[in-house]
Amino acid sequence: MIKKNNSKNNNIIVKNFRFDWNDSYTIFANENYLKLDCQKYNWLGGFIDNELKYVLPYKIFKKLFFKYAVFTSDTIIIDKKMKIDDEKGFLDNSLIYLKNQNIDFIIQPPTYAVFNVYPKNSLSAEFGSFVIDLAETEEKIWSNIHSKHKNVIRNAEKKGVIIKRGVEYLDTAYELYINTLKRSNINGSSKDKIINLVNNIRSNIEIFVAFSDGKAQGCAIMPYSSYSAYYIYGGSIEKPLTGAMNLLHWEALKYFKSKKVRFYDFAGARINPQAGTKYESLQKFKSRFGGSLKKGWLWKIPLNKFKYYFYNFILYTAKKRHYDIIDQIVK
């Protein structure tokens, strides 16, 4: 049987195409980002009457005889007049297209890719992200910050905390990041991976480190475009000076606003995290900067069920299978 390259539903044609990225789109659709750490990458386009309506960037990975993909961003909506059902139709068609390209399954996207909707037959979990609109005045952004955050920011300033910025602080930032994860028994990205990220998108990434009396307290590694800045890697020493990380984010907010970046995205938030958990504490820290909670969905799907479950069986057997956020929320 000949497999068609295009799929059609609700008049939306889906196909691979060369996306002409510019700085007004998320950095995670940029080719220099996409080509990192994968065998292949591309962009899916959703077309109606040859007019581009949607874009979805993705990476392809191959392990043994498994071939799987991950979307690096939520749906990029080119035509703002499109409705939520149209986007669902685009996602449904995208999966038909990828299945015809012999993709076995789609894994969970990163936490900054919060979709408005999920396709049929997918495994999904409600998720969100706190996002600050940097188009507001600095005075308005400051007024939206919780009083406790304001107090500790002022305290950190009085105690001489200094926020330094630049890729030359990568080594320091990485140590803060990886040690933070180790304290929670979580595996993080390798240093080589982050070095490659910095090198590939050098003009679209910033590193911030907070120092007190010459000692690093915490960090943020943030890819960005004029569309949005994303807090995707961060960490601190075990007992940082109170307010150091709050001040770091306040200075980062002001910096990206000065660069005419539209949004500041804290890259991930669970909906109604369990009281007393680390997730609740992290949510509280992010929410108190006054951003809006963008609600949506993380999702994944087996396109070849046998290969999907066999792949997970192999990982479980080798004790290399870790529950992703979807697993944690829905189990």
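Applying the set (1) surrounded by 15 or more Cβ atoms within 10 Å (Cβ to Cβ); (2) of a type in the set (S, T, N, Q); (3) on the phi > 0 side of the Ramachandran plot to residue 185 leaves exactly one unmet item: (1). Restricting attention to region 212-224, the residues that are surrounded by 23 or more Cβ atoms within 10 Å (Cβ to Cβ) and among the small types (Gly, Ala, Ser) total 2. Among the residues in region 162-182, are any more than 18 Å from residue 224 (Cα to Cα) and of a type in the set (Gly, Ala, Ser)? Within region 162-182, not a single residue is more than 18 Å from residue 224 (Cα to Cα) and of a type in the set (Gly, Ala, Ser). If I ask for residues that are within 18 Å of residue 267 (Cα to Cα) and among the polar types (S, T, N, Q), which ones from region 25-37 would you list? Passing the criteria: 26, 30. The set of residues from region 256-291 being farther than 24 Å from residue 186 by Cα, of a type in the set (Ser, Thr, Tyr) and over 20 Å from the mean Cα position of the chain (by Cα) comprises just one member, 258. Taking the options 203, 189, name whichever one is of a type in the set (S, T, N, Q) and either part of a helix (DSSP H, G or I) or touching a Ser or Thr at 6+ places or on another chain (Cβ under 9 Å) (or both). Result: 203 is the single residue among 203, 189 that is of a type in the set (S, T, N, Q) and either part of a helix (DSSP H, G or I) or touching a Ser or Thr at 6+ places or on another chain (Cβ under 9 Å) (or both). Of all positions in region 255-268, none carries a residue that is surrounded by 22 or more Cβ atoms within 10 Å (Cβ to Cβ), at pLDDT 95 or above, assigned by TED's automatic domain parsing to the domain that holds residue 157 and more than 22 Å from residue 114 (Cα to Cα).
Looking at residue 278, is it of a type in the set (Lys, Arg), out of contact with any strand residue (DSSP E or B) (no Cβ under 8 Å at 6 or more places or on another chain), surrounded by fewer than 16 Cβ atoms within 10 Å (Cβ to Cβ) and modelled with pLDDT under 95? Yes: the conditions hold for residue 278. Candidates are the residues of region 3-36 that are polar (S, T, N, Q) and modelled with pLDDT of 95 or more; the one that is surrounded by the most Cβ atoms within 10 Å (Cβ to Cβ) is 26. Among residues belonging to region 106-163 that are in a strand (DSSP E or B) and of a type outside the set (A, V, I, L, M, F, W, C), point out the one that is surrounded by the most Cβ atoms within 10 Å (Cβ to Cβ). Once the filter is applied, the top-ranked residue is 129. Of the helices (runs of 4 or more DSSP H) contained entirely in region 243-331, those carrying at least 1 residues that are without any contact (Cβ under 8 Å) to a residue 60 or more places away in the chain and aromatic (Phe, Trp, Tyr) fall at 278-287, 305-317. Residue pairs whose Cβ atoms lie under 8 Å apart, separated by 6 or more positions or on different chains, with the first residue in region 91-104 and over 14 Å from residue 55 (Cα atoms) and the second in a helix (DSSP H, G or I), are 104/307; 104/308; 104/311. Here's a check for you: in region 70-94, which residue that is surrounded by 22 or more Cβ atoms within 10 Å (Cβ to Cβ) and under 21 Å from residue 305 (Cα atoms) is nearest to the chain's Cα centre (by Cα)? Here the answer is 71.
The values are calculated or read from the model by the stated rules, or taken from the named source; none is laboratory data. This is a predicted model, so every value here is computed, not measured. Cβ coordinates were reconstructed from backbone atoms using ideal geometry, including for glycine residues, and neighbour counts include every protein chain displayed.
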